[in-house]
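Q: Got a structure for you, written out below as structure tokens; questions coming shortly.
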Amino acid sequence: MSDTNRADQGRSPDSRATAAGRVAVVTGGASGIGRSICESFAAHGYRTAVLDIDGTAADEVAEKLRADGATALAHAVDVTDREAVFEAMRQVRAEFGPIDILVTSAGLVGFAPFTEITPQDWHRIVEVNLTGTFHCAQAVIPDMLAAGWGRIVTISSSSAQRGSPGMVHYTASKGAVVAMTKALAREYAPCGITVNTIPPSGIDTPMSRRSQETGNLPDNATMAKAIPVGRLGAGADIAAACLFLCSEQAGYITGQVLGVNGGSVI
Ligand SMILES: NC(=O)c1ccc[n+]([C@@H]2O[C@H](COP(=O)([O-])OP(=O)(O)OC[C@H]3O[C@@H](n4cnc5c(N)ncnc54)[C@H](O)[C@@H]3O)[C@@H](O)[C@H]2O)c1
């Protein structure tokens, strides 16, 4: 199925014309939430770039998207490596054209009592979650300014809303992502660029499963009991919100924190 045909499904002529031409970059696109967002963009006709530190997994995701008829590519990149980020964006631009959409899902979680967080752990978590978002946004905003249109969605965390204990470094990094999102939104609102954040909670992904294996999160059944809607979320729940925030129709929404959490944080 061609990109255009995919984009045709159930969409208005106006959104079909625009979505099919858009170039979307997703960091952390090889796994979990980022992967679901890539699948959603690809299924709706966006040209999708899967960026991830795990190049092999990113290649596999892009290959699967292409096998399903989408236009997709993959690049191995560590979002903390500024030069590599700018080079990856240059390559996306060379293959697909200017970047319209950025979603920053690459992230690292950490658990430790506050007094046991090492400076190394602190720096790595802040580097990946916050500074990585900074590098990626700086690398793509010039394209969006030139086009007078852009969409950025950062993936933060409900821990920034709740103040989660035992993960102060992670919580602080995600709180900074929320604040950065709001400041970027105000700075670029006059330029046609919207910037919003989705703080997920309780999404069943490889990251949350690893955290369960190490005893840092309860099992799914226990978690589901604590979530008002009575189930864990899926990557697709985040992808649906992300697709909307990146649409034409969401042009009047910027600087917002759209919780996708089954009612856990209201
Ligand atoms: N799963 C949840 O319930 C949940 C809750 C709150 C926030 N989040 C956030 O959602 C985002 C996605 O999480 P997930 O659950 O899908 O995790 P995941 O581990 O399944 O996916 C994260 C991806 O990011 C990639 N990545 C890690 N460090 C990177 C780096 N330096 N450069 C490039 N890529 C890197 C990983 O290789 C992986 O593919 C993260 O930012 C996470 O903090 C998730």
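Please treat every number below as a calculation from the coordinates, not as lab data. Fair warning: this is a prediction, and the values are worked out from it, not measured in the lab. Here the Cβ positions follow ideal geometry from the backbone for every residue, glycine too, while neighbour counts run over all protein chains shown.
Q: State, as an integer percentage, the relative contact order of the chain based on alpha-carbon contacts under 8 Å between residues 6 or more apart.
A: Taking the mean separation of contacting Cα pairs over the length of the chain, I get 18 percent.
Q: Over region 41-158, what is the mean sequence separation of C-alpha contacts under 8 Å (at least six apart), divided by residue count, expressed as relative contact order in percent?
A: Details: 150 pairs, mean separation 28.8, N = 118.
Rounded, it is 24 percent for region 41-158.
Q: While we're on this one: Using a simple charge model, +1 on the beta-carbon of Lys and Arg, -1 on the beta-carbon of Asp and Glu, nothing else, what dipole does the chain show about its Cα centre, in debye to the nearest 20?
A: 660
Q: Any chance you could list the semi-axes, whole Å, largest first, of the equivalent ellipsoid that the Cα gyration tensor gives for region 70-137, using √(5λ)?
A: On the way: eigenvalues 176, 25, 16 Å².
The answer is 30, 11, 9 Å, longest axis first.
Q: Sticking with this one: Positive end of the charge dipole of region 138-266 (Lys, Arg +1 and Asp, Glu -1 on Cβ, about the Cα centre): tell me which of VAL265, ILE152, LEU184 has its Cα farthest that way.
A: Selected residue: VAL265.
Q: Which order do the peptides 23-35, 220-232 come out in when sorted by mean C-beta neighbours inside 10 angstrom, highest first? Walk me through the numbers on the way to the answer.
A: Numbers: 23-35: 27.9, 220-232: 13.1.
Descending mean neighbour count gives 23-35, 220-232.
Q: Quick test of the membrane-span-like rule: which DSSP H helices of the chain reach at least 20 Å along their long axis (C-alpha atoms) with mean Kyte hydropathy at least 0.0?
A: 132-147, 168-188
Q: For the pair LYS225 and LEU145, what calculated FRET efficiency results from E = 1/(1 + (r/R0)^6), where r is the Cβ-Cβ distance and R0 = 51 Å, to the nearest 0.05?
A: That gives a FRET efficiency of 0.60.
Q: Next question. Work from the charge dipole of the chain (Cβ charges, +1 for Lys and Arg, -1 for Asp and Glu, about the Cα centre) and give the residue of GLN256, THR48, ALA137 farthest towards its positive end.
A: GLN256
Q: Given contacts defined as C-alpha pairs under 8 Å and at least six residues apart, what's the relative contact order of region 199-251, whole-number percent? Don't skip to the end; give the middle numbers.
A: On the way: 30 pairs, mean separation 19.3, N = 53.
So the answer I get is 36 percent.
Q: Sticking with this structure for a sec: Please state the equivalent ellipsoid semi-axes for the chain: what are the square roots of 5 times the Cα gyration tensor eigenvalues, largest first, in whole Å?
A: Taking √(5λ) for each eigenvalue gives 28, 20, 18 Å, largest first.
Q: Next up: Can you check what the Kirkwood hydrodynamic radius comes to for region 143-222, Cα pairs only, in Å to one decimal?
A: 14.3
Q: Let me ask something else. Which loop-located trypsin sites (Lys or Arg not before Pro) does region 119-167 contain, where loop means any DSSP state but H, G, I, E or B and the Cβ has at most 15 other Cβ atoms within 10 Å? Don't jump to the answer; show the numbers that get you there.
A: Values: sites: ARG124, ARG151, ARG162; in loops: none.
Taking region 119-167 and a limit of 15 other Cβ atoms within 10 Å, no loop trypsin sites (Lys or Arg not before Pro) are found.
Q: For a paramagnetic label modelled at 7 Å from the Cα of ASP121 toward its Cβ, which residues of region 152-182 fall within the zone defined by backbone nitrogen distances under 11 Å?
A: Correct set: 166-170.
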